[in-house]
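FYI, it's all coordinate maths here, none of it is from the lab. Everything numeric in this text was worked out from a predicted model, so none of it was measured. Cβ sites come from the backbone with ideal geometry, for glycine too, and all protein chains shown count toward neighbours.
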């Protein structure tokens, strides 16, 4: 009995000393470092990119954990404003109302351009149409053209596919393609445009339906679909999307991809953002079919 | 000992009473919340806009008519699938099937009811929609019809389960009497058993319809979500956007307190009122018939 008590006390003391050992300042820092989580949410276009970044960064920094979720640019920015995430990915620029809301909450959203993206217009591989002008695309999506034979294709109805309205890609496509970049142009999507909740939905429908036309970030388009060449307004040169044509500015439907923070980033979040502009991180951008940015675009 | 018992009794009665009332409290709270978040819409959006035919909230077009018509047409389609197949299956299980078949069928149908709706939606995108397009020569297979067929499949287990119970509880003497009078098996089912179980079968149908109108994930995946006003049954073959899919797709994005946010709650309110009407109609029909049945029997 006495022996048992002694053993218990000894064990207790050992545990205590072990605990004391673990609490040296450096180790405590490492320990608290273990608990550094970065929450990252937003654009579905950027989800694969953000995941690839997060995975590589976590290999470099064992003390940082990054969780990435999609949901759409609007969803990410809303989460940033509600203070549930550290970084919001967005494939469109933040709206004025959203900035106002952030200011009402007492923070200032800070913008970083972390990559560029081309929007590819996709059709079924059997569709004989290879190229469209921006005006034709606008007429197709606004409902003025509803048969493929009006743009040199077969006699088939056009089924228009689009992302849901909470997608940054949707808003960008509306402004640059449907409205041809004119701010006084109030053209809207045809009412029978199918609004699909995911990129996958669009790709699947285009893959099996020869009537369909859709659009998606270039990084997401699989090789078995046909990517159309697009001519800019007042131009007769049809350009296919690629890293070169986006960087030279000849492909007309390309845009910046953003990450927003609430207030100037500090600590681990800042280190992560700095790393995103490193050569390593920007190589990942190119590998995934997006277009790298040359230097940090600090505001 | 006796005091303990009465104390236990007291607590248990109160607990049961509380849980009974809590349902009423919850429904009232939910409705109050919907009203509080949804009614401001009437002040913020002009009625002409709210009851127009264009839904495009990011440009302040808040016409909810296409969404209401979308939900209705998908639900009607689902009812056309679920009622004949559901009631038919229930009759087969309760009246016709031999004992061993009934013992296999009933759990299987109930298993179907446990299938997650997102799985059915996935099947719809991969198998049903492409085949519908080819079979019916439609521009696209993502239509109200695809939604109706899947929602029908989702509601069938509910209808079967409740209707079968109702048919099962019809006293054996009814059937014996009908058969003794020389009625055929079909006449017995159609003229005696089914009318006797009418209130239970109606409840089953209403529960099934309620299940269909509130379903979200499947319709969001397969109906194409195009906010076009459905004007006739022909709209079954074109894409529609339902109220539930709209709320699910857009609620994540809206800033709380905005016009769009209030409008989504307003849609929720409309949905709530529609299912309330369905339920009240169903129960009033059921109650009325019960009274008549009691009169006849007495």
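Taking the square roots of 5 times each eigenvalue of the Cα gyration tensor of chain B, largest first, gives ellipsoid semi-axes of 38, 29, 18 Å.
Which of B:76, A:66 comes first, and how do the rest follow, when ranked by fewest Cβ neighbours within 10 Å? Mind dumping the intermediate values first?
Numbers: B:76 17, A:66 22.
In increasing order of surrounding Cβ atoms, one gets B:76, A:66.
For chain B, the longest principal axis of the Cα atoms and the long axis of helix B:259-297 meet at an angle of about 20 degrees. Shielding value for A:72-84 is 2, the average number of Cβ atoms from other chains within 10 Å of each residue's Cβ.
Springs join every pair of Cα atoms under 10 Å in this Gaussian network model of chain A, and among A:143, A:217, A:153 the largest mean-square fluctuation is at A:153.
Which of B:96, B:16, B:189 moves the most in a Gaussian network model of chain B with Cα springs under 10 Å? Top of the fluctuation ranking is B:16.
This ranking places A:183, A:278, A:73 by how few other beta-carbon atoms lie within 10 Å of each, fewest first, which gives A:183, A:278, A:73. In the protein assembly as shown, the ratio of gyration radius to Kirkwood radius, Rg to Rh, stands at 1.08 when only Cα atoms are counted.
Can you sort A:57, A:172 by how many other beta carbons sit within 10 Å, fewest first?
Working: A:57 20, A:172 23.
Taking fewest neighbouring Cβ atoms as first place, the list is A:57, A:172.
Across the range A:140-217, the convex hull enclosing all Cα atoms gives 94 Å³ per residue. Working note: Cα atoms of chain A, range along each principal axis, descending, whole Å: 97, 41, 35.
Report for chain A the percent antiparallel among DSSP-assigned beta bridges with both residues inside it, nearest 5. Numbers along the way, then the final one.
Values: 25 of 42 bridges.
Here the antiparallel bridges make up roughly 60 percent for chain A.
Using every pair of separate Cα atoms, the Kirkwood estimate puts the hydrodynamic radius of the range A:117-253 at 14.8 angstrom. Dividing the helix sum by the residues of chain B, where each DSSP H run of 4 or more adds -39500 (n - 2.57), gives a mean residue ellipticity at 222 nm of -23000 deg cm²/dmol. Between the Cα long axis of helix B:2-38 and the first principal axis of chain B there is an angle of about 30°, rounded to the nearest 10. Taking every residue in B:233-239 and counting other chain Cβ atoms within 10 Å of its Cβ, the average works out to 1. Averaged over the residues of A:163-170, the number of partner chain Cβ atoms lying within 10 Å of the residue Cβ comes to 4.
Angle of helix B:198-214 to the longest C-alpha principal axis of chain B, folded into 0 to 90 degrees and rounded to 10: 20°. Between B:78, B:212, B:180, the GNM of chain B built on Cα springs shorter than 10 angstrom shows B:180 fluctuating the most. Extension gain for residue B:23 to residue B:177 (0.36 nm times residue separation, less C-alpha to C-alpha distance): 51.2 nm.
So for chain B, averaging the separation of alpha carbon pairs under 8 Å that are six or more residues apart and normalising by length, what relative contact order in percent results? Intermediate values should be presented prior to the final figure.
On the way: 389 pairs, mean separation 78.9, N = 298.
Relative contact order for chain B comes out at 26 percent.
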